[in-house]
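Visitor: One structure, pasted below without further comment.
The values are calculated or read from the model by the stated rules, or taken from the named source; none is laboratory data. Note that this is a predicted model, so its numbers are computed, not measured. Reconstructed Cβ throughout: ideal geometry from the backbone, glycine too, with neighbour counts over all protein chains shown. For the accessible areas, the whole protein counts, side chains as well, though only heavy atoms, and no ligand, DNA or RNA atoms are used. Shrake-Rupley method; radii C 1.70, N 1.55, O 1.52, S 1.80 Å.
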Amino acid sequence: MNVHEPGHLEALGDAGRAAWAERVASCFAGLEKSRFVQARPTAATPHATVIDWTGFPVRVAACLSRRRAQELLDWRGERGDEGRRRLQEEYLEWRVVRGAPREIRRVEFTTELPEYWRVLAAHEPSTLLETIAELAGKARVAARVAYGDLDPLARRVTPAQRESAFAAAMLEPGAMSGYNTGANAICCMVQRTNTLRALASLVAVAGAARRVRNAATGEWRCLTAAEAIPLFPGAAVQHRASDPLVAERVGRLAFEGRRIALEDPPGVYIQGVEHTRLRTPDGDAVPLEWFRFARGQDPRFQRLTFEVPPGEGLAVSDLVDVATGRPIRFGAQVAELVQVVLRLRVGPAGAVPFEPCETLKPAATGKGARNCTDVVRHDRAFAGAR
Amino acid sequence: MRGDLIQRGVWFRSGEQAPPAFRLVLLNAQAGVDGREVGDALGAVLDMLAGLPEGVLPDLPGMRGREAQRSRRQFAKLTTLLGLGARAFDASAHYPPLVAAERPDHLVPLRGFPALPWEAMTSNLAEADVALQLTAERAAAVDIAAAEVAQLLAERGLPLRVVATFGGFGRVDRRGWLGFHDGVSNMQAADRLAALAAPADPPWMAGGTYMAFLRLRVDLAAWRSLPRGEQELLVGREKLSGSALTAVDRSGGVPRPVAGGDFVDPPQSTDPLVEASHVHRANQSRASPHAPGALRIFRQGYEFLEDIGPNGPRLGLNFVSFQRDLGTLQHLLHLPGWLGDANFGGDPGPSFITLLAGGLYAVPPRAEPFAGASLLGSP
């Protein structure tokens with residue numbers, strides 16, 4: 001099958017495109033079992049719809065406090081952006097470029113999928129290095145920043161070897177390349193659940209036929225996130241902005257008897273930003289032009305860079321969010337303004353018979369308890385590192 | 001819904017319906033007073049207000065029998081909800097601030113919203129130290145109660161003054177000035193507490209909620225000039241029945257709304273025109289408040305009529321919402337695709353609503369002697 005590159009990028013050659021299609025297919029393998037969710041859009045899913053959320057990891061704030069979460073999420077340690085790798089879990093990751101203490105010059109965001117970058121690294125090493133250099137604001141970068149000791153352009157090096165070397169340098173928990181740890185740049189997402197596979201799995205399990213009877217009216221209804229997520233442990237995390245929303249929306253689409261597919265190209269996109277919440281010290285609203293959208297064709301952007309143009313004589317940290325009255329001190333405050341979307345294609349309501357379905361009793365549904373164990377653990381590590 | 005700490009006056013519990021009379025009374029502390037003095041004054045005000053539905057009127061002590069019974073009827077369901085504004089936490093308004101505790105992150109003076117322009121605002125009268133939301137069965141009850149508050153403050157020389165009040169009414173037919181049903185797609189009762197109950201950030205707000213008040217002027221003449229079909233596409237409902245739109249018929253050249261969706265819980269739409277309607281913009285995700293990203297709020301609005309002058313009636317909506325986090329409302333009114341890029345509905349649609357006044361308030365959890373009393377201690 002042919003699958004477009006995220007954001008309708010055109011960086012892959014024939015072999016790369018085939019590998020990308022294969023990679024996507026492997027992520028979507030589980031979807032074939034669903035009566036409602038299909039692996040790719042077809043004539044049966046003619047309508048576009050989006051699920052959108054904002055990029056601030058609300059679960060982390062709910063477990064700690066907003067202020068503490070902001071600090072933790074921006075945590076940069078010896079290995080780079082620790083807060084990002086551990087807890088930037090809303091399919092949006094960022095790095096903060098600081099100048100003087102407390103000064104923020106720039107915040108860079110990405111929703112780029114690690115699966116795509118693996119394929120890019122495996123099949124288009126020159127393009128990959130050019131892209132990294134561009135994202136880092138350099139004329140060129142050495143191959144070792146992305147491939148370690150491997151020479152990716154050597155004749156006998158295989159795509160699998162390139163991918164493995166790239167993953168070791170740029171993606172895996174011990175990866176130390178500053179071009180994806182945040183020291184020099186960020187290229188693609190690294191938090192362990194910010195993957196196409198995780199998203200596809202969530203859509204697959206959420207898009208099942210489940211219903212529960214409304215105790216007050218006696219009518220059938222679809223499940224809330226609090227009820228649904230305990231039914232597919234490991235596929236979604238309660239109290240995030242993204243997962244519960246995807247779980248409910250997809251569950252509801254199935255409840256309405258619609259066929260559901262992730263859009264082609266599959267990806268997570270940055271759709272907009274609440275720029276008017278930010279004001280200069282003079283009280284002027286920040287124009288949208290100070291946000292630079294990239295790595296995709298409008299409206300499928302995967303990268304956002306926020307900085308004040310040089311002529312303005314201001315830093316990002318001079319700006320105030322009027323919805324909180326606080327000056328910008330953390331990247332997380334800007335992440336709160338970024339609108340992230342998952343684009344779906346769906347069919348008409350009633351196209352798929354709802355019966356047979358899983359009819360749940362209210363008692364069988366989940367309580368939606370918050371799990372903060374991991375957040376507290378990371379917060380303790382952060383406190384210990386300071 | 002037992003065990004919740006939300007103050008009375010948020011009519012969210014199963015079987016409850018907001019009474020039709022509304023008046024918001026806004027109070028500022030006099031210069032130089034501290035939190036404890038304000039707390040004592042508020043205690044006196046709230047005691048007086050609590051007495052009204054019991055037939056205890058300040059100017060009529062000792063009323064008994066049939067007369068007291070009539071007073072109790074007059075003030076039936078009179079309920080007071082107390083909120084604290086950003087001003088109470090602001091050291092530039094009071095030094096030291098009336099409330100020394102940490103200010104909630106989104107409790108700020110209202111700066112407005114990108115698609116909801118201020119109407120010639122010079123000073124925003126809805127920003128105050130304290131807001132008292134009065135609701136009751138009869139308009140006279142909330143109006144008399146508001147006047148009694150002002151009288152009590154003056155007669156006892158208490159260090160608070162009424163800076164503004166805003167009145168409103170609910171309609172039995174559940175329609176608003178636009179002629180459409182309004183506020184009918186609020187959440188199921190069982191889900192409401194998840195949208196309302198504030199987290200413990202700051203700790204003193206645990207179990208409380210937040211109130212947003214927006215005094216919105218509606219240009220009724222502009223609205224009425226729109227054809228009914230266009231109105232229905234902008235609202236997302238069929239005008240007479242309130243049935244949600246499910247599709248748009250484009251066969252005749254002019255888009256015609258197709259209704260048939262659930263009245264309370266409109267179905268997800270895939271038509272761009274329906275998705276741009278107010279019903280969908282205000283609740284794009286169509287998910288429950290158990291999904292924090294769903295941006296659900298609990299609405300409890302009241303219409304108002306200020307005057308009828310040579311230019312026609314000056315009227316609108318007291319938009320009142322309660323939510324677990326004021327950030328939710330900020331997102332809703334700033335995000336593109338929601339209400340950040342449309343005044344009401346459409347893409348971007350007509351602009352006929354302006355902001356006359358507005359304020360955001362923390363509504364502390366129920367406590368004795370009154371909600372928030374412990375915050376108004378000595379600095």
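Visitor: Going by the conditions given, is A:Ala18 more than 14 Å from chain B (Cβ to nearest Cβ), open to solvent by 40 Å² or more (accessible area, probe 1.4 Å) and not basic (Lys, Arg)? First the steps, then the outcome.
Guide: Values: more than 14 Å from chain B (Cβ to nearest Cβ): yes; open to solvent by 40 Å² or more (accessible area, probe 1.4 Å): yes; not basic (Lys, Arg): yes.
Yes: the conditions hold for A:Ala18.
Visitor: Here's a follow-up. List the number of the failed condition for A:Phe291; all other conditions in (1) of a type in the set (Phe, Trp, Tyr); (2) within 14 Å of another protein chain (Cβ to nearest Cβ); (3) over 22 Å from the mean Cα position of the chain (by Cα) hold.
Guide: The single condition A:Phe291 does not satisfy is (3).
Visitor: Shifting gears a bit: Report yes if B:Val258 is at pLDDT 85 or above, open to solvent by 30 Å² or more (accessible area, probe 1.4 Å), over 21 Å from B:Ile297 (Cβ atoms) and within 14 Å of another protein chain (Cβ to nearest Cβ), otherwise no.
Guide: On the way: at pLDDT 85 or above: yes; open to solvent by 30 Å² or more (accessible area, probe 1.4 Å): yes; over 21 Å from B:Ile297 (Cβ atoms): yes; within 14 Å of another protein chain (Cβ to nearest Cβ): yes.
Yes.
Visitor: Another question, if that's okay. Looking at the range B:27-46, is at least one residue over 23 Å from B:Arg87 (Cβ atoms) and buried (at least 19 other Cβ atoms within 10 Å of the Cβ)? It would help to see each step written out before you state the result.
Guide: Taking the range B:27-46 first, the residues over 23 Å from B:Arg87 (Cβ atoms) are none.
Checking the range B:27-46: not a single residue is over 23 Å from B:Arg87 (Cβ atoms) and buried (at least 19 other Cβ atoms within 10 Å of the Cβ).
Residue-by-condition table, conditions (1) part of a helix (DSSP H, G or I); (2) touching a residue at least 60 places away in the same chain (Cβ under 8 Å):
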site: B:Val162; (1), (2): no, yes
site: B:Thr165; (1), (2): no, yes
site: B:Gly168; (1), (2): no, yes
site: B:Leu178; (1), (2): no, no
site: B:Ala190; (1), (2): yes, yes
site: B:Trp204; (1), (2): yes, yes
site: B:Phe213; (1), (2): no, yes
site: B:Gly229; (1), (2): yes, no
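Visitor: For the range A:121-141, how many residues meet the condition of being open to solvent by less than 30 Å² (accessible area, probe 1.4 Å) and under 25 Å from the mean Cα position of the chain (by Cα)?
Guide: Start the filter on the range A:121-141 by keeping residues that are open to solvent by less than 30 Å² (accessible area, probe 1.4 Å), which leaves A:121-122, A:125, A:128-129, A:131-133, A:135-136, A:141.
Going one step further and asking which of them are under 25 Å from the mean Cα position of the chain (by Cα), we end up with A:121-122, A:125, A:128-129, A:131-133, A:135-136.
Within the range A:121-141, residues that are open to solvent by less than 30 Å² (accessible area, probe 1.4 Å) and under 25 Å from the mean Cα position of the chain (by Cα) number 10.
Visitor: Taking the criterion of being open to solvent by less than 10 Å² (accessible area, probe 1.4 Å), part of a strand (DSSP E or B) and touching a residue at least 40 places away in the same chain (Cβ under 8 Å), would at least one residue in the range A:276-296 satisfy it?
Guide: Checking the range A:276-296: at least one residue is open to solvent by less than 10 Å² (accessible area, probe 1.4 Å), part of a strand (DSSP E or B) and touching a residue at least 40 places away in the same chain (Cβ under 8 Å).
Visitor: Also, quick follow-up: If you go through the range A:319-330 one residue at a time, do you hit one that is closer than 20 Å to A:Leu73 by Cα, within 25 Å of the chain's Cα centre (by Cα), within 14 Å of another protein chain (Cβ to nearest Cβ) and surrounded by fewer than 20 Cβ atoms within 10 Å (Cβ to Cβ)?
Guide: For the range A:319-330, residues closer than 20 Å to A:Leu73 by Cα, within 25 Å of the chain's Cα centre (by Cα), within 14 Å of another protein chain (Cβ to nearest Cβ) and surrounded by fewer than 20 Cβ atoms within 10 Å (Cβ to Cβ): present.
Visitor: In addition: For the range A:57-70, what are the residues that are more than 9 Å from every other protein chain (Cβ to nearest Cβ), within 20 Å of the chain's Cα centre (by Cα) and not β-branched (Val, Ile, Thr)?
Guide: Result: A:Pro57, A:Ala69, A:Gln70.
Visitor: Return yes or no: is B:Ser288 within 8 Å of chain A (Cβ to nearest Cβ) and either surrounded by 21 or more Cβ atoms within 10 Å (Cβ to Cβ) or touching a helix residue (DSSP H, G or I) at 6+ places or on another chain (Cβ under 6 Å) (or both)? Spell out the reasoning first.
Guide: Details: within 8 Å of chain A (Cβ to nearest Cβ): yes; either surrounded by 21 or more Cβ atoms within 10 Å (Cβ to Cβ) or touching a helix residue (DSSP H, G or I) at 6+ places or on another chain (Cβ under 6 Å) (or both): yes.
Yes, satisfied.
Visitor: Can you tell me which of B:Arg228, B:Arg224, B:Arg174 is in contact with an Asp or Glu (Cβ under 8 Å, 6 or more places away or on another chain) and open to solvent by 40 Å² or more (accessible area, probe 1.4 Å)? Don't jump to the end; show me each part of the working.
Guide: Working: B:Arg228 fails: in contact with an Asp or Glu (Cβ under 8 Å, 6 or more places away or on another chain); B:Arg224 fails: in contact with an Asp or Glu (Cβ under 8 Å, 6 or more places away or on another chain).
Being in contact with an Asp or Glu (Cβ under 8 Å, 6 or more places away or on another chain) and open to solvent by 40 Å² or more (accessible area, probe 1.4 Å) holds for just one of B:Arg228, B:Arg224, B:Arg174, which is B:Arg174.
Visitor: Here is a list: A:Arg105, A:Arg98, A:Arg144, A:Arg155. Which entry is touching an Asp or Glu at 6+ places or on another chain (Cβ under 7 Å), open to solvent by 50 Å² or more (accessible area, probe 1.4 Å) and of a type in the set (Lys, Arg)? Show your work before the answer.
Guide: Values: A:Arg98 fails: touching an Asp or Glu at 6+ places or on another chain (Cβ under 7 Å); A:Arg144 fails: touching an Asp or Glu at 6+ places or on another chain (Cβ under 7 Å); A:Arg155 fails: touching an Asp or Glu at 6+ places or on another chain (Cβ under 7 Å).
When all the criteria are applied, what remains is A:Arg105.
Visitor: Within the range A:28-47, can one find any residue that is more than 14 Å from chain B (Cβ to nearest Cβ), touching a His at 6+ places or on another chain (Cβ under 8 Å) and assigned to a loop (DSSP other than H, G, I, E, B)?
Guide: Our first condition is that a residue be more than 14 Å from chain B (Cβ to nearest Cβ); within the range A:28-47, this holds for A:28-35, A:37-40, A:42-43.
From what is left, the residues that are touching a His at 6+ places or on another chain (Cβ under 8 Å) are none.
No, every residue in the range A:28-47 fails to be more than 14 Å from chain B (Cβ to nearest Cβ), touching a His at 6+ places or on another chain (Cβ under 8 Å) and assigned to a loop (DSSP other than H, G, I, E, B).
Visitor: Does A:Thr305 fit the bill of being part of a strand (DSSP E or B), in contact (Cβ under 8 Å) with a residue 24 or more places away in the chain and farther than 30 Å from A:Ala226 by Cα? Working first, answer last.
Guide: Numbers: part of a strand (DSSP E or B): yes; in contact (Cβ under 8 Å) with a residue 24 or more places away in the chain: yes; farther than 30 Å from A:Ala226 by Cα: yes.
So A:Thr305 passes the test.
Visitor: Take the conditions closer than 27 Å to A:Val316 by Cβ, surrounded by fewer than 24 Cβ atoms within 10 Å (Cβ to Cβ) and polar (S, T, N, Q) and apply them to A:Ser34. Does it pass? Write out each step before concluding.
Guide: Working: closer than 27 Å to A:Val316 by Cβ: no; surrounded by fewer than 24 Cβ atoms within 10 Å (Cβ to Cβ): yes; polar (S, T, N, Q): yes.
The answer is no for A:Ser34.
Visitor: For B:Pro227, all conditions in the list (1) modelled with pLDDT of 90 or more; (2) touching a strand residue (DSSP E or B) at 6+ places or on another chain (Cβ under 7 Å) hold save one; what is the number of the exception?
Guide: (2)
Yes/no per residue for (1) within 21 Å of the chain's Cα centre (by Cα); (2) over 27 Å from A:Ala294 (Cα atoms); (3) of a type in the set (A, V, I, L, M, F, W, C); (4) at pLDDT 95 or above:
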position	(1), (2), (3), (4)
A:His4	yes, no, no, yes
A:His8	yes, no, no, yes
A:Leu12	no, no, yes, yes
A:Gly16	no, no, no, yes
A:Ala19	no, no, yes, yes
A:Ala29	yes, yes, yes, no
A:Lys33	no, yes, no, no
A:Gln38	no, yes, no, no
A:Thr45	no, yes, no, yes
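Visitor: Out of curiosity, is A:Thr54 open to solvent by 10 Å² or more (accessible area, probe 1.4 Å), within 14 Å of chain B (Cβ to nearest Cβ), among the hydroxyl-bearing types (Ser, Thr, Tyr) and touching a residue at least 60 places away in the same chain (Cβ under 8 Å)? Before you say what the answer is, go through the steps one by one.
Guide: Working: open to solvent by 10 Å² or more (accessible area, probe 1.4 Å): yes; within 14 Å of chain B (Cβ to nearest Cβ): yes; among the hydroxyl-bearing types (Ser, Thr, Tyr): yes; touching a residue at least 60 places away in the same chain (Cβ under 8 Å): yes.
Yes; evaluated as a whole, the condition is true for this residue.
Visitor: May I pose another question? From the list B:Ala120, B:Ala141, B:Ala115, which residue is over 30 Å from B:Ala206 (Cα atoms) and open to solvent by 60 Å² or more (accessible area, probe 1.4 Å)? Before you say what the answer is, go through the steps one by one.
Guide: Details: B:Ala141 fails: open to solvent by 60 Å² or more (accessible area, probe 1.4 Å); B:Ala115 fails: open to solvent by 60 Å² or more (accessible area, probe 1.4 Å).
Residue meeting the stated conditions: B:Ala120.
Visitor: Turning to a different aspect of this structure: Is one or more of the residues making up the range B:75-88 within 14 Å of chain A (Cβ to nearest Cβ) and open to solvent by 40 Å² or more (accessible area, probe 1.4 Å)?
Guide: Looking for residues that are within 14 Å of chain A (Cβ to nearest Cβ) and open to solvent by 40 Å² or more (accessible area, probe 1.4 Å), one finds at least one in the range B:75-88, hence yes.
Visitor: Follow-up question, since we're still on this one. Any chance the range A:103-116 includes a residue that's away from every other protein chain (no Cβ under 14 Å) and either free of Cβ contacts under 8 Å to residues at least 60 places away in the same chain or over 22 Å from A:Ile270 (Cβ atoms) (or both)?
Guide: At the first step, the residues of the range A:103-116 found to be away from every other protein chain (no Cβ under 14 Å) are A:103-116.
Next, only the ones that are either free of Cβ contacts under 8 Å to residues at least 60 places away in the same chain or over 22 Å from A:Ile270 (Cβ atoms) (or both) stay: A:103.
Among the residues of the range A:103-116, at least one is away from every other protein chain (no Cβ under 14 Å) and either free of Cβ contacts under 8 Å to residues at least 60 places away in the same chain or over 22 Å from A:Ile270 (Cβ atoms) (or both), which makes the answer yes.
Visitor: So, of the residues in the range A:305-318 that are surrounded by fewer than 24 Cβ atoms within 10 Å (Cβ to Cβ) and among the aliphatic types (A, V, I, L, M), which turns out to be farthest from the other protein chains (Cβ to nearest Cβ)? Break it down into steps so the answer makes sense when it comes.
Guide: Here is the first cut: in the range A:305-318, the ones surrounded by fewer than 24 Cβ atoms within 10 Å (Cβ to Cβ) are A:305, A:307-315, A:317-318.
Now narrow it down to the ones that are among the aliphatic types (A, V, I, L, M): A:308, A:314-315.
Working: A:Val308: 20, A:Leu314: 19, A:Ala315: 21 Å.
Looking at residues that are surrounded by fewer than 24 Cβ atoms within 10 Å (Cβ to Cβ) and among the aliphatic types (A, V, I, L, M), I get A:Ala315.
The rows are residues; the columns are (1) more than 17 Å from B:Arg161 (Cα to Cα); (2) of a type in the set (Ser, Thr, Tyr).
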position	(1), (2)
B:Leu5	yes, no
B:Ser14	yes, yes
B:Gly35	no, no
B:Val45	no, no
B:Gly55	yes, no
B:Asp59	yes, no
B:Gly62	yes, no
B:Gln74	yes, no
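Visitor: Here is a further query. I'd like the full set of residues that are open to solvent by 20 Å² or more (accessible area, probe 1.4 Å), part of a loop (DSSP other than H, G, I, E, B) and either touching a residue at least 60 places away in the same chain (Cβ under 8 Å) or within 11 Å of chain B (Cβ to nearest Cβ) (or both), limited to the range A:218-274.
Guide: A:Glu219, A:Cys222, A:Val237, A:Gln238, A:His239, A:Glu256, A:Arg259, A:Asp264
Visitor: Another question, then. Could you please find all residues in the range A:192-208 being open to solvent by 10 Å² or more (accessible area, probe 1.4 Å) and not β-branched (Val, Ile, Thr)? Step through it out loud before you land on a result.
Guide: Applying the first criterion (open to solvent by 10 Å² or more (accessible area, probe 1.4 Å)) to the range A:192-208 yields A:192-193, A:195, A:197-198, A:201, A:204-205, A:208.
Scanning the range A:192-208 gives A:Arg192, A:Arg197, A:Ala198, A:Ser201, A:Ala204, A:Ala208.
Visitor: Does at least one position in the range B:305-321 carry a residue that is within 14 Å of another protein chain (Cβ to nearest Cβ), within 23 Å of B:Ala86 (Cα to Cα) and crowded, with 23+ Cβ neighbours inside 10 Å?
Guide: Step one: of the range B:305-321, the residues within 14 Å of another protein chain (Cβ to nearest Cβ) are none.
No: zero hits.
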